[in-house]
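Worksheet: one structure, shown below.
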Amino acid sequence: MPTVPSIPAPPSSAAYDPTLLLTVILSLLIPVLYLFRSSKKSSSRKLVIFGPVGGGKSAIYHRLRFGRVVPTVSSMTVTSATFVPNGLEGKPMHIVDVPGSGRLRAQLLEQVSDASALLCVLDGTQLSAQAREAAGILFEVLSHEPVARRKLPLLVAVNKVDSPGAATPTAARKAIEQEVQRVRLARTTLSDTSGRDKKLSGIAEDDGRPFSFDHLETNTVVFAAISATKPELSAVHSLLKRLG
Ligand SMILES: Nc1nc2c(ncn2[C@@H]2O[C@H](COP(=O)(O)OP(=O)(O)OP(=O)(O)O)[C@@H](O)[C@H]2O)c(=O)[nH]1
Ligand SMILES: [Mg+2]
């Protein structure tokens, strides 16, 4: 009996082709790995802008992003993008504008956890109110564990130097240090009465001396006068240049 030549069965599905399967997996994996890598990279150059309501954070953010200032209203959501800041050259940076509203404090602490530089902005024409508010925010940020254990550069920018009567960086520093001392005493008393025996460090550590930013070992703090509208942002540019 003549033998019938066997005909190879057609592949039931193209997906079973191992080469094709590998190509599909790789083409899906590569963009995911790339995205992960670039997000890690951007967080190694991440600036977080924070501070009291009305200090001028969004004005600075717009100036850095678009090179101009647009009329703003008090922000209610976090704004962020990765870009090469206006007036600088080089690699893009991830810049985050966190509104001053107390309702966004948890988001602020989340944002600063992986920041590589901090920019606290206050309105130099409203020193006493802004210094009190700024001291409370700075206390929370600098005592936040992921920030406290890293050496992060911090610029406290006294904004609106273009306006008459704006405070000098020296006056702002003194006012904020006095307010931080008040916050620190209030928090220390609270933690004593709560019965917790937690070792406080950094900005929260009451070592018997009046608080000074010079006592902080983990953060390098610079005070400078700036203006988002004039514009006079050299101190902000210097901070950004440190990120490489
Ligand atoms: N004269 C002057 N006004 C400024 C300057 N920067 C900001 N402003 C004005 O100050 C007001 C508040 O500025 P914003 O940038 O919205 O303040 P913000 O810090 O983002 O405030 P929140 O989003 O509420 O936390 C706006 O009317 C700005 O135009 C500045 O350098 N000089
Ligand atoms: Mg804003």
Two-site label geometry, Val73 and Thr229: point separation in nm, points 7 Å out along Cα→Cβ: 1.9 nm
Eligible aspartates and glutamates near Lys160 by straight Cα distance, threshold 18 Å, same-chain separation 8 or greater: Asp97, Asp123, Glu133, Glu232
Solvent accessible area, Å² - Lys160, 1.4 Å probe, full protein context: 60 Å²
Probe 1.4 Å, protein heavy atoms only - accessible area per residue of segment 45-241 in square angstrom: 48 Å²
Carbon and sulfur %, accessible surface of segment 45-241 computed with the full protein complex present, 1.4 Å: 51 percent
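What length, rounded to one decimal in nm, is gained on full extension from Arg65 through to Leu185, with 0.36 nm per residue of separation minus their alpha-carbon distance? Provide the component values of the computation, followed by the final result.
On the way: separation 120, 0.36 × 120 = 43.20 nm, distance 3.94 nm.
The span from Arg65 to Leu185 would gain 39.3 nm if fully extended.
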Dimensions in Å of segment 45-241 - Rg and Dmax from alpha carbons: 16.3, 52
Integer Hz, Karplus 6.51/-1.76/1.60 couplings in order for segment 84-97, x for Gly and Pro: 7, x, 4, x, 10, 10, x, 7, x, 10, 8, 10, 10, 10
Difference of contour (0.36 nm per residue) and Cα-Cα distance, Gln107 to Lys91: 3.2 nm
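The values are calculated or read from the model by the stated rules, or taken from the named source; none is laboratory data. Keep in mind that this is a model prediction, so the values were computed, not measured. For neighbour counting, all protein chains shown are included, and Cβ atoms are generated from backbone atoms with ideal geometry for every residue, glycine included. Please note that ligands, DNA and RNA were not included when accessible areas were found on the heavy atoms of the full protein model with its side chains. Shrake-Rupley method; radii C 1.70, N 1.55, O 1.52, S 1.80 Å.
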